[in-house]
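Structure first, then comments.
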Amino acid sequence: MDMDASLDPIAALRSEHEAVRAVLSNLEGYLNKINFVSSGGLRNNLINQLNEITSFMDKDLETHFKKEEEALFPVLGNYIGIETGPIHVMLIEHKHSRELSAEFKAKINNYPAAGDFKSIIEIGGSFGRLLSEHIEKEESILFNMADTQLSKEEKQGIMEKMRSVK
C-alpha cells in the first residue's frame with residue numbers, strides 16, 4: 001500500500017474499489033461461462049466457484065460499505081447533507097446491493113435442489129451492474145467532493161475511524 005492510501009481515506013477507499021472491480025470482473029466471467037457451458041458437471045463446478053465471490057461480498061465488501069457509512073459519510077454529510085443528495089443515493093444503493101447479494105447467495109445455495117442457473121445469472125448480473133455504476137458515481141462525484149471539502153484533520157479522523165471498522 002503506498003504512503004498516500006495509508007494516510008488518505010479517499011485514496012484508501014479508491015484502492016478498495018480496485019479490488020471490488022477485480023471481483024466483479026471475475027463474477028462477470030463466471031456468469032458468462034455458466035450460461036454457455038453445456039455440461040451439467042462443469043456448470044456445478046462454476047457455480048461452486050461463486051461461493052468465493054459471495055464470501056468476498058460478505059466480508060470485504062461489507063467492511064468497505066461500513067467504512068463509508070460509519071467514517072466518511074457522517075463527516076462529509078456535515079457539508080453536503082445525508083437526507084438528500086449523493087450520500088443519500090449511495091446509502092440506498094448500499095442497501096440494494098446487500099439485498100441483491102443475499103438473494104444471489106440464496107439462489108446459489110438453492111441451485112443443487114432447484115437447478116435454476118438462469119436466476120443466478122440474472123441476479124448476479126444485476127448485482128454486478130449496480131455495483132459498477134455505484135463505484136463510478138462514488139469516484140466521480142462523492143470522492144471528489146470529499147477531496148475538496150474535507151480538511152486534513154477531518155481526513156485523519158476519518159482514516160482512524162476506518163481502521164477501527166470491522
Next on the checklist: Show log10 I(q)/I(0) for the range 58-105 at q = 0.23, 0.25, 0.31 Å⁻¹, two decimals, from a solvent-free Debye sum over equal Cα scatterers.
Outcome noted: -0.82, -0.91, -1.14
Next on the checklist: Can you tell me the orientation of helix 152-164 relative to the chain, as the angle in degrees between its alpha-carbon axis and the longest Cα principal axis, to the nearest 10?
Outcome noted: 40 degrees
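For the chain, calculate the relative contact order in percent as a whole number, restricting contacts to Cα pairs under 8 Å that are 6 or more residues apart. Show your work: numbers first, answer last.
Details: 114 pairs, mean separation 62.7, N = 166.
That works out to 38 percent.
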Checklist entry - Helix 117-137 versus the longest principal axis of the chain: what is the Cα-based angle in degrees, 0 to 90, to the nearest 10? => result 20 degrees
Checklist outcome for this item: P(r) over all Cα-Cα pairs of the range 1-88, 10 Å bins from 0 to the longest distance, whole percent per bin, short to long, reads 15, 33, 27, 17, 8, 1
Next on the checklist: Eigenvalues of the Cα gyration tensor times 5, then square-rooted: what semi-axes does that give for the range 3-164, in whole angstrom, largest first?
Outcome noted: 35, 15, 12
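Throughout, read-outs are computed from the coordinates displayed, never taken from laboratory work. Everything numeric in this text was worked out from a predicted model, so none of it was measured.
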